[in-house]
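Following: one structure in structure tokens, then a few remarks.
The values are calculated or read from the model by the stated rules, or taken from the named source; none is laboratory data. For clarity, every value in this text was computed on a predicted model and none was experimentally measured. Please note: Cβ atoms are built from the backbone with ideal geometry, for glycine as well, and neighbour counts cover all protein chains shown.
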Amino acid sequence: MAIPRMTTNSMDETETVTGAQGTAYTYGVLNRLRSMQAHAGLDDDNDWNTASALSAYHTRYTYDGNGNILNLVRHGDSPTEMDSLTYYYYSGTNRLENVEDGVDEAYYDVDIDIQGSGNYTYDPIGNLIGDGAENIDGITWTVYGKIESIVRGAGPHSHMHFKYGPDGNRVMKASIPYGTTDTNWTWYVRDAQGNVMGIYSLDTVGAEDTLMLKEHYVYGSSRLGYVKKEVRATQAWTRLQRRSRKTPSSSPSPCLQ
């Protein structure tokens, strides 16, 4: 069921409530989102009778006959357009080729700007394997449709490598900054149902490896929250090192070395 409108209460950086803001949505006959309009001036009961439309924070969308988005006009925190995007697809397919922005890139530095033709590349079955704008030279996939590795080009980027358990949940992530052999490891410890119980990290930069417990999740009948920790587990890691410095389950893919 389409959402006609919603109300949110936001806070600033000091956690002071800044007031309610409403957003109203319109849809086409095929239930595709056509527009979003922000409203301010709701009363203390979130009554929309006192609300008025804002010139900021609104979007407009158009689609082709297959449902692929063709155009997106988006406004940020001012009446000036943030994006006026046009989407191009490879002929005869639904695969996105590139996106062009009609708004001067000087207006916002956190949005999509003009991409070259052929920016996105795919394998024969349609998996994304390259993104020129993001300096992604290659993406490999498992037979189960999950990302196995991401290889980045030269620049301030990191290669990524992932491992998954038999249930398909991620159990390991390795990040290797371009041009280095330093590796930042992250392990996800899960229970039998696949819920994350703890997240550990290991940064091999420097002379001493330091294994840390970063997050510990708390459950009742469902997840209650998590405790963000910085607990050293180096002694336990040292014992593991004596057994084997590298194990098959934690070694990065050769393509990332």
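One table, with the values for the structure above:
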quantity	calculated
Evaluation of Thr80 against (1) of a type in the set (S, T, N, Q); (2) in contact with a strand residue (DSSP E or B) (Cβ under 6 Å, 6 or more places away or on another chain); (3) within 23 Å of Leu54 (Cβ to Cβ) (one fails), failing number	(2)
Restricting region 89-108 to residues that are buried (at least 16 other Cβ atoms within 10 Å of the Cβ) and assigned to a loop (DSSP other than H, G, I, E, B), the residue that is farthest from the chain's Cα centre (by Cα)	Val103
Output for region 137-170, where each listed residue is of a type in the set (Val, Ile, Thr) and in contact (Cβ under 8 Å) with a residue 40 or more places away in the chain	Thr140, Val151
Check on Thr140, at pLDDT 95 or above, within 17 Å of Glu97 (Cβ to Cβ) and of a type in the set (Val, Ile, Thr)	no
Test: residue in region 115-122 that is at pLDDT 95 or above, in a loop (DSSP other than H, G, I, E, B) and buried (at least 16 other Cβ atoms within 10 Å of the Cβ)	yes
Output for region 1-21, where each listed residue is under 30 Å from Gly65 (Cβ atoms) and either at pLDDT 90 or above or touching a strand residue (DSSP E or B) at 6+ places or on another chain (Cβ under 7 Å) (or both)	Ala2, Ile3, Pro4, Arg5, Met6
Failed condition for Pro124, given (1) within 30 Å of Tyr164 (Cβ to Cβ); (2) touching a strand residue (DSSP E or B) at 6+ places or on another chain (Cβ under 7 Å)	(2)
Selection within region 22-53 - in a loop (DSSP other than H, G, I, E, B), at negative phi, out of contact with any Lys or Arg (no Cβ under 7 Å at 6 or more places or on another chain) and at pLDDT 90 or above	Val29, Leu30, Arg32
Selection status of Ile129, closer than 30 Å to Arg170 by Cβ, of a type in the set (A, V, I, L, M), in contact with a strand residue (DSSP E or B) (Cβ under 8 Å, 6 or more places away or on another chain) and without any contact (Cβ under 8 Å) to a residue 40 or more places away in the chain	yes
Within region 54-72, considering residues that are surrounded by fewer than 13 Cβ atoms within 10 Å (Cβ to Cβ) and either touching a strand residue (DSSP E or B) at 6+ places or on another chain (Cβ under 6 Å) or assigned to a strand (DSSP E or B) (or both), the one modelled with the lowest pLDDT	Ser55
Condition check for Ser78: small (Gly, Ala, Ser) and loosely packed, with under 14 Cβ neighbours inside 10 Å	yes
Conditions (1) in contact with a Gly (Cβ under 9 Å, 6 or more places away or on another chain); (2) closer than 28 Å to Ile136 by Cα; (3) in a strand (DSSP E or B); number of the one not met by Asp111	(3)
Hey, Tyr120 aromatic (Phe, Trp, Tyr) and closer than 30 Å to Glu81 by Cβ or not	yes
Residues that are farther than 12 Å from Asp111 by Cβ and either assigned to a strand (DSSP E or B) or under 22 Å from the mean Cα position of the chain (by Cα) (or both), drawn from region 78-88	Thr86, Tyr87, Tyr88
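Residue by residue, here is whether (1) modelled with pLDDT under 95; (2) under 30 Å from Leu85 (Cα atoms); (3) among the β-branched types (Val, Ile, Thr) holds:
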| site | (1), (2), (3) |
| --- | --- |
| Glu148 | no, no, no |
| Arg152 | yes, yes, no |
| Asp182 | yes, no, no |
| Asn195 | yes, no, no |
| Met212 | yes, no, no |
